[in-house]
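Colleague: Quick one: structure below, then a few questions.
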Amino acid sequence: MKLELSGITKRFGPLVANRDIDLVVEPGEIHALLGENGAGKSTLMNVIYGLYRPDGGQILIDDRPVTFSGPGDAVAAGIGMVHQHFMLVPVFTVAESLALGYEPTKGMGLLDLASARETVRTISERFGFDIDPDAIIEDLPVGAQQRVEIIKALSRDAEILILDEPTAVLTPQETDELIEIMKQLREQGTSIVFITHKLREVRAVADKITVIRRGAVVGEASPESSESELAGLMVGRDVHLTTDKEPARPQDETFSVEGLTVLDKAGFVVVDDLSFGVRQGEILAVAGVQGNGQTELAEAIIGLREPHSGTISLDGRRLGGDSVKARLASGIGFVPEDRSSDGVIAGFSIRENMILDQYDRPPYASGLALKPAVIREKALEKVEEFDIRLTSIDDPISTLSGGNQQKVVLSRELGRELSLLVASQPTRGLDVGSIEFVHKRIIAERDAGTPCIIVSTELDEVLNLADRIAVMYRGRIVGIVPADTPRDALGLMMAGVPEDEALARVADGSAVTTVSQAAEGDLP
Amino acid sequence: MSTVAPDRTPQPRDPSSGPGGAAAPAAAPVKQRAWKYPVVYSVLALASLLVFGLLAGGGKQTTFTFASRNDFFTIPPLPVPSKATCVALGLVLVVLAAVSIWATFTRRRLGVWFPLLFGIVFVFAFLTWSAAGAGRMPVTALLAGALALSVPLIFGAMCGLVGERSGIINIAIEGQLLAGAFLAAVVASALQNPYAGLFAAPIAGALVAVVLTFFAVRYWVDQIIIGVVLNVLVVGVTSFLFSTVLTQDPATWNARQQLPNLPIPLLSDIPVIGPVLFNQNILVYLMYVVVVALQIFIFRSKWGLRMRAIGEHPKAADTVGINVNRNRVLNTLLAGAIAGLGGAFFTIGSGLAFGKEMSAGQGYIALAAMILGKWNPMGALFAALLFGFSKNLANVLSAIGTPVPSQLLLMLPYVVTVLAVAGFVGRVRAPAAEGKPYISQ
Amino acid sequence: MTNGTNPSDAPGTETSVTGQEQPADTSAAGGTPTAGGTPAAGGTPAANSVLRDIMSGSWLVSVLSVVVALALGGVLIAAADPDVQATLGYFFARPGDFFIVAWQTVSEAYMALLRGSIFDWEARSLVRAVRPFTESLVAATPLILAGLGIALGFRSGLFNIGGQGQVVLGAMFAGYFGYALGLPPVIHFLFALVMAAVGGAIWAGIAGVLKARTGANEVIVTIMLNSIAGYLLSYLLTQSWFKATSSANPASRTIFDTAALPPLLPDPFRLHLGFVVAILATLFVWWLLERSTLGFEFRAVGENPDAARTAGISVSRVTILVMIIAGALAGLGGAAQVLGTEGKLTGGVAGTIGFDAITVALLGRSRPLGTFLAGLLFGAFKAGGYLMQSQTGTPIDIVLVVQSIIVLLIAAPPLVRTIFRLPTPAKKVAA
């Protein structure tokens, strides 16, 4: 089956998510759709799958124009989709998940689950999936859940399979398995649209690559293209961000972590016996693929997570069982990873968000009473200092752009004497101008003598800010290396290769190609 | 409350196979032995042995009677010595508690029969003690009354669970019961036919559901708020009409009508159980049908699968072409109709005229029964029966003049429910998406 | 670039492994769709927010909701009236009769409502003419107090449906310490008031502690606690040690004069100090929410518990504190009934105050001033309803109908705008 998009445009209010997109997916081809986060890939796929209606353009299947009024039409036309966030009901069994929406019945509206089970088994056998039809979804590991999604699509005779960021939640091993599955599907004649922003995976599996940026197709490439070519197309600007900074002048090591182990709710180790220190006036960047324990490390430092064992010390004092409030009071500045859910309160005014974690301390309060005049005055000062573009500090913060919201967070966290700065993904979702500003402020904080920990999954950001880089993999620090470590070596370390080996392999040129060895780090 | 961390890290699954060889000890969480139940059983058993048995005054008798009017044959009244019986039953309870301790120690799971058996023995000990020296303890009447009081609760709980499993929280069960009771009485009276009321009641319940879904689905108003307010609205409207139209001409609008009892041949002749379960009016039989049908259809039918999907993960349902909001509305209307039927039991089911606020908070107990029954029809059925039983027991005990304060017995269902939602009695887990409006793109 | 998740690519970053992802997190979207439930933009200075509310038409929506509700109530009154029904018999012959009679019936009822609640222009003396207004204030007192408690919960993201139980406990404590204990004047009623607040706080505190410690849903727990409180009261009223009288009636003995809330006006007015307490409580709640660090925490947790936790606010502490304060306010409402109006403890002493308080808080948009005004309105309905019932035969139950319709409409502003074809207020779009 051949899928063709011609001139697809999709708007959300003033925002144009897809602009005049042309795309041809030939039968039995793996077609990668490559683009940064927010480039409009998912929107496009939702248009193909009938979840969104395009504002312009046409979808053609085998050269015949089709219109989808819902996912049902798309499925009937032979399109299957595996969403980035799985569309599986956690309490259902695999067979029930398969049946949903396409229920086999045996009279009186009663389900014929036996036939659903049989379908699961048949497809599982064909691809060697090993999925128990009676397993409950929420008990399955992520990779298996994804296979259930694929079985779902195949059971509806999908000839075109859309995989939306399928590797975002997978471990490198699972990613390898998925790539094998994709190749197998291609052999059996299924076309695959593979949405990703990871260059290595694309090169490992795609037959054809379309790159989109800011909602528009910016070019096509073959898998033989070099990664820097692809990255250039995808990012469309100088990939190497550089903010001017003086060399660090590190002083005493005032912050240290010893043998820190953190468990998640289910009791699994997520931070595994970490030990490191940060000196005053230096930035330690924690690099790594998302989900390797960085988030939990940052949360343990601020006290949102209780460590299972180990100690965290600041200025010669163990933080131990201190509450978040106590840690903030002892001078830890914390920029949370997810700004909208943890960093600001959408319904609160800008003024109130600026004192979110300092409202009960002088100068903003005395006793139980807030001091509105002081709060207002300081807020206006910060607006000035951080160049926050707003109409009024009394407006809800949700009226600001992401970049300005982040500036509010930074103005709050940097606007006081700090003994430690912990910032997670400080520039996520920001435009280039804002990124530059944020980086400058962080460097200024370092120069003022504050020990800084920057957690980032963006290698560019890490390289731009770091004085030293700690690479995390599976809850452990693979190594702490200087800021001038080659990108390729960092990439290997992010895939778990020990420091020495990574450096050696980069040195002798045997850098890696398979995905599991360098799961992440699109190293241009 | 959601966790602070937005993502879970899947990596420690296979710690030793990474290229780095970083061996993370996979701390597989070990299941603790749950000592909560054996402790509860032991405390209850010892308390029962002491309070009902050893510490009670001796020399009294408790007489159980089993008579009812149309028994096939009569079981004679059974007088038993109170203290000795209680001691014996108390010892049985102690043995059962020991079994539970043993089962926990050896990590064996006891079936549903265990709490049921324990409960029955405990209740008998309690009955023997509380009726000691007083009048007779009419077992058949106790059970029959318990069933009668449970019927509206069961219908109400079924309504609640159909709604919540579809993702709509329904606090308005109370209002739906009341509306059903009202319309059933009025229509039955006006047409002088109780069966006409049987058709009217579901319509009344569904009408309340129409308002509920209109505000919940169309305008995304918080479902708890609408439910609470709807209850007030229904009380207002029915009380207003009762005080005006119904009182002006009660002969036309509020004459008593009763659904006749339809004894099922043979089954109704079984002693004790027969008259309780199988000599009832059609509403009770309908209740059996509704519970069994829901139990089957919620878990084994296309309708039920879709219902559970939209209550747990509506977006997943949407992506396979299921119209989430339409299904939610239709299911909630059906649920409203079920509750309306339950309301009919207050009037035409019991042969009573309509009275102001006659549902008297039963809708809230139905909600409790639904939660205690863990959103399962059979579970909710048993919870509702338990509540009906404790309520009727309170009535019977105060009628035969025992020292047990009826208010404390009446309080019991609510206390049990509080303990249940606080996690002291099993784990309850509501449908994940309940109460959240579904907004499709 | 590496794999950060961009909000504009993936809606929300709550990616749990099972992919349970809820549609646009309501709290993050800036105000819930529930106009009445948890108010959006909290925390602006009162004057400023009042201004903005008028601008955005939400006060207009409130007023229009009252109008629609009164109109619908009028329809019900007319429909239930035998005279009106009679005119329907010859409607097509003389339709005018129908409208005239219907208008007369409805206007008579509402005039009586007005005379019974504001000013009785048909009364024989000035005192009698003014008395209805003070009666409205008497009826409003417990509604305002309990309503403030509910509103405080809503602002903090807690659905406290348990006002009823908390009012009952407040009444119980106030009554018991009012008749079972001899204390000097002034000290006595102050002590009884404090104990009432304690009683309500304990009852609400149970729900707060269970929610904070075990995650038990406060809606269910408070609903159950309402019923438990009711049975507890009726049980205690059978116990002579508690009610301090051996009478068989399920009622306590009368409270000591020293415990009675002093009247603000001479006989025959019943207005008592409780109303002053209600005013003070309104001011207190305003200060608490808008001007105190505690209120900042409450509102932060109500708007976004995750961000509040990240900012060092203890969500469970807030949950417990809010419930305790809310319960104390509701308890004071119960005290106003026993110590101010009724003078003794009976099974029905709390009436439906606790449930009415929910509607009061919703109508008041969970703002202290709004709740105060809504309490006055519903108090007036209540007071006027009695005169309406006795003089025109229109049952007081119509008040419940009007109240509930008001709240339903207020909770759905778009519906009201549709009814009146009002323009949709320009929505601020996040840039």
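The values are calculated or read from the model by the stated rules, or taken from the named source; none is laboratory data. As the structure is a computational prediction, the values presented were derived from the model and not from experiment. All Cβ positions, glycine included, derive from the backbone under ideal geometry; neighbour counts span all protein chains shown. The protein model used for the area step is the full one, side chains on, heavy atoms only, and it has no ligands, DNA or RNA in it. Shrake-Rupley method; radii C 1.70, N 1.55, O 1.52, S 1.80 Å.
Colleague: Just need a number here: residues in the stretch A:269-286 that are within 18 Å of A:L463 (Cα to Cα) and not in a strand (DSSP E or B).
Modeller: Count: 2.
Colleague: Another question about this same structure. Please enumerate the residues belonging to the stretch C:111-125 that are touching a residue at least 60 places away in the same chain (Cβ under 8 Å) and in a helix (DSSP H, G or I).
Modeller: First pass over the stretch C:111-125, keeping only residues touching a residue at least 60 places away in the same chain (Cβ under 8 Å): C:112-118, C:120.
Of everything in the stretch C:111-125, those that are touching a residue at least 60 places away in the same chain (Cβ under 8 Å) and in a helix (DSSP H, G or I) turn out to be C:A112, C:L113, C:L114, C:R115, C:G116, C:S117.
Colleague: Oh, and also: Given (1) in contact (Cβ under 8 Å) with a residue 40 or more places away in the chain; (2) surrounded by fewer than 21 Cβ atoms within 10 Å (Cβ to Cβ); (3) not β-branched (V, I, T), where does C:G215 come up short, assuming only one miss?
Modeller: (1)
Colleague: Can you name the number of the only condition in (1) open to solvent by 10 Å² or more (accessible area, probe 1.4 Å); (2) at the interface with chain B (Cβ under 8 Å from one of its Cβ atoms); (3) more than 29 Å from A:E26 (Cα to Cα); (4) not small (G, A, S) that A:K106 fails?
Modeller: (2)
Colleague: Oh, and also: What is the one condition in (1) outside any helix (DSSP H, G or I); (2) without any contact (Cβ under 8 Å) to a residue 60 or more places away in the chain that C:T359 does not satisfy?
Modeller: (1)
Colleague: Mind telling me which of the residues C:L369, C:L409, C:L415, C:L376 ends up being out of contact with any Pro (no Cβ under 9 Å at 6 or more places or on another chain), surrounded by fewer than 17 Cβ atoms within 10 Å (Cβ to Cβ) and part of a helix (DSSP H, G or I)? Show your work before the answer.
Modeller: On the way: C:L409 fails: surrounded by fewer than 17 Cβ atoms within 10 Å (Cβ to Cβ); C:L415 fails: surrounded by fewer than 17 Cβ atoms within 10 Å (Cβ to Cβ); C:L376 fails: surrounded by fewer than 17 Cβ atoms within 10 Å (Cβ to Cβ).
Going through C:L369, C:L409, C:L415, C:L376 in turn, just one is out of contact with any Pro (no Cβ under 9 Å at 6 or more places or on another chain), surrounded by fewer than 17 Cβ atoms within 10 Å (Cβ to Cβ) and part of a helix (DSSP H, G or I): C:L369.
Colleague: Being in contact (Cβ under 8 Å) with a residue 24 or more places away in the chain, within 11 Å of another protein chain (Cβ to nearest Cβ) and not in a helix (DSSP H, G or I) narrows it down to one residue among B:P413, B:P431; which is it?
Modeller: Details: B:P413 fails: not in a helix (DSSP H, G or I).
Testing whether each residue is in contact (Cβ under 8 Å) with a residue 24 or more places away in the chain, within 11 Å of another protein chain (Cβ to nearest Cβ) and not in a helix (DSSP H, G or I) leaves just B:P431.
Colleague: Could I ask something else about it? Out of all the residues in the stretch A:444-456, which are within 18 Å of A:F334 (Cβ to Cβ) and either among the acidic types (D, E) or open to solvent by less than 10 Å² (accessible area, probe 1.4 Å) (or both)?
Modeller: A:E445, A:R446, A:T450, A:P451, A:C452, A:I453, A:I454, A:V455, A:S456
Colleague: Across the stretch A:389-404, what is the number of residues that are touching a residue at least 60 places away in the same chain (Cβ under 8 Å) and either at positive phi or buried (at least 24 other Cβ atoms within 10 Å of the Cβ) (or both)?
Modeller: Narrowing the stretch A:389-404 to residues touching a residue at least 60 places away in the same chain (Cβ under 8 Å): A:402.
Among the residues that remain, those that are also either at positive phi or buried (at least 24 other Cβ atoms within 10 Å of the Cβ) (or both) are: none.
So the count comes out to 0.
Colleague: Please enumerate the residues belonging to the stretch A:80-103 that are assigned to a loop (DSSP other than H, G, I, E, B), more than 7 Å from chain B (Cβ to nearest Cβ) and β-branched (V, I, T).
Modeller: Scanning the stretch A:80-103 gives no hits.
Colleague: Same structure, new question: Looking only at residues in the stretch A:113-142 that are out of contact with any Leu (no Cβ under 6 Å at 6 or more places or on another chain) and within 14 Å of chain C (Cβ to nearest Cβ), which one is least open to solvent (accessible area, probe 1.4 Å)?
Modeller: A:V142
Colleague: Here is a further query. Kindly check whether there is at least one residue in the stretch C:153-166 that is assigned to a helix (DSSP H, G or I), open to solvent by less than 10 Å² (accessible area, probe 1.4 Å) and more than 13 Å from chain B (Cβ to nearest Cβ). Let's see the steps before the verdict.
Modeller: So the first thing to find is which residues in the stretch C:153-166 are assigned to a helix (DSSP H, G or I), and the list is C:153-155, C:163-166.
Checking which are open to solvent by less than 10 Å² (accessible area, probe 1.4 Å) leaves us with C:153-154, C:163, C:165-166.
Within this subset, residues satisfying the condition of being more than 13 Å from chain B (Cβ to nearest Cβ) are C:166.
The answer is yes; a qualifying residue exists.
Colleague: Continuing with this model, one more query. Can you tell me which residue in the stretch C:74-107 is nearest to B:D249 (Cα to Cα), limited to those that are assigned to a helix (DSSP H, G or I) and among the charged types (D, E, K, R)?
Modeller: Just the residues of the stretch C:74-107 that are assigned to a helix (DSSP H, G or I), to begin with: C:74-80, C:82-89, C:95-107.
Narrowing the set further to residues that are among the charged types (D, E, K, R) leaves C:83, C:97.
On the way: C:D83: 14, C:D97: 23 Å.
The qualifying residue nearest to B:D249 (Cα to Cα) is C:D83.
Colleague: Could you list, in sequence order, the residues of the stretch B:92-118 that are assigned to a helix (DSSP H, G or I) and open to solvent by 30 Å² or more (accessible area, probe 1.4 Å)?
Modeller: Scanning the stretch B:92-118 gives B:V92, B:V94, B:V95, B:A98, B:V99, B:I101, B:W102, B:F105, B:W113, B:P115, B:L116, B:L117.
Colleague: Residue by residue through the stretch B:208-220, note down the ones that are over 23 Å from the mean Cα position of the chain (by Cα) and of a type outside the set (S, T, N, Q).
Modeller: Hits for the stretch B:208-220 are B:V210, B:V211, B:F214, B:F215, B:A216, B:V217, B:R218, B:Y219, B:W220.
Colleague: Look through C:Q389, C:Q403 and report the one residue that is in the same structural domain as C:F154 (by TED's automatic domain parsing) and either in contact with a Ser or Thr (Cβ under 9 Å, 6 or more places away or on another chain) or assigned to a helix (DSSP H, G or I) (or both).
Modeller: Values: C:Q403 fails: in the same structural domain as C:F154 (by TED's automatic domain parsing).
Within the list C:Q389, C:Q403, the selection yields C:Q389.
Colleague: Here's a follow-up. Give the stretch B:356-383 a look and list any residue that's away from chain C (no Cβ under 12 Å) and closer than 27 Å to B:G236 by Cβ, or say none.
Modeller: Of the stretch B:356-383, the ones away from chain C (no Cβ under 12 Å) are B:358-359, B:373-383.
The answer is B:M358, B:S359.
Colleague: Moving on. Go through the stretch B:332-358 and report how many residues are surrounded by fewer than 24 Cβ atoms within 10 Å (Cβ to Cβ), in a helix (DSSP H, G or I) and of a type outside the set (A, V, I, L, M, F, W, C).
Modeller: 0
Condition check ((1) touching a strand residue (DSSP E or B) at 6+ places or on another chain (Cβ under 9 Å); (2) within 13 Å of chain B (Cβ to nearest Cβ); (3) small (G, A, S)) across all residues:
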{"position": "C:F189", "(1), (2), (3)": "no, no, no"}
{"position": "C:A192", "(1), (2), (3)": "no, no, yes"}
{"position": "C:V209", "(1), (2), (3)": "no, yes, no"}
{"position": "C:A216", "(1), (2), (3)": "no, yes, yes"}
{"position": "C:V219", "(1), (2), (3)": "no, yes, no"}
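Colleague: From C:A229, C:A251, which residue is within 18 Å of C:P142 (Cα to Cα) and open to solvent by less than 30 Å² (accessible area, probe 1.4 Å)? Please lay out each step first, then the result.
Modeller: Values: C:A251 fails: within 18 Å of C:P142 (Cα to Cα).
Of the residues listed, the single one that is within 18 Å of C:P142 (Cα to Cα) and open to solvent by less than 30 Å² (accessible area, probe 1.4 Å) is C:A229.
Colleague: While we're on this one: Could you say which residue among C:F284, C:F256, C:F296, C:F269 is open to solvent by less than 10 Å² (accessible area, probe 1.4 Å), assigned by TED's automatic domain parsing to the domain that holds C:T346 and either closer than 29 Å to A:G367 by Cβ or more than 22 Å from the chain's Cα centre (by Cα) (or both)?
Modeller: Numbers: C:F284 fails: open to solvent by less than 10 Å² (accessible area, probe 1.4 Å); C:F256 fails: open to solvent by less than 10 Å² (accessible area, probe 1.4 Å); C:F269 fails: open to solvent by less than 10 Å² (accessible area, probe 1.4 Å).
Going through C:F284, C:F256, C:F296, C:F269 in turn, just one is open to solvent by less than 10 Å² (accessible area, probe 1.4 Å), assigned by TED's automatic domain parsing to the domain that holds C:T346 and either closer than 29 Å to A:G367 by Cβ or more than 22 Å from the chain's Cα centre (by Cα) (or both): C:F296.
Colleague: I'd like the full set of residues that are without any contact (Cβ under 8 Å) to a residue 60 or more places away in the chain and either closer than 11 Å to C:L408 by Cβ or touching a helix residue (DSSP H, G or I) at 6+ places or on another chain (Cβ under 7 Å) (or both), limited to the stretch B:214-226.
Modeller: Taking the stretch B:214-226 first, the residues without any contact (Cβ under 8 Å) to a residue 60 or more places away in the chain are B:214-215, B:218-219, B:221, B:225-226.
B:F214, B:F215, B:Y219, B:V221, B:I225, B:I226, listed by residue number.
Colleague: Can you pull out every residue in the stretch B:352-398 that is among the hydrophobic types (A, V, I, L, M, F, W, C) and either without any contact (Cβ under 8 Å) to a residue 24 or more places away in the chain or within 28 Å of B:S189 (Cα to Cα) (or both)?
Modeller: Looking only at the stretch B:352-398, we keep the residues that are among the hydrophobic types (A, V, I, L, M, F, W, C), and these are B:352-354, B:358, B:360, B:365-372, B:375, B:378, B:380-387, B:389, B:393-394, B:396-397.
Result: B:L352, B:A353, B:F354, B:M358, B:A360, B:A366, B:F382, B:A394.
Colleague: Right, next: Every residue in the stretch C:340-356 that is touching a strand residue (DSSP E or B) at 6+ places or on another chain (Cβ under 8 Å) and assigned to a helix (DSSP H, G or I), please.
Modeller: Within the stretch C:340-356, the first condition is being touching a strand residue (DSSP E or B) at 6+ places or on another chain (Cβ under 8 Å), and the residues that meet it are C:340-341, C:344-347.
Within the stretch C:340-356, C:G340, C:T341 meet the criteria.
Colleague: Here are B:V217, B:V210: which of them is crowded, with 19+ Cβ neighbours inside 10 Å and either modelled with pLDDT under 95 or among the β-branched types (V, I, T) (or both)?
Modeller: Working: B:V210 fails: crowded, with 19+ Cβ neighbours inside 10 Å.
Of B:V217, B:V210, the one residue that is crowded, with 19+ Cβ neighbours inside 10 Å and either modelled with pLDDT under 95 or among the β-branched types (V, I, T) (or both) is B:V217.
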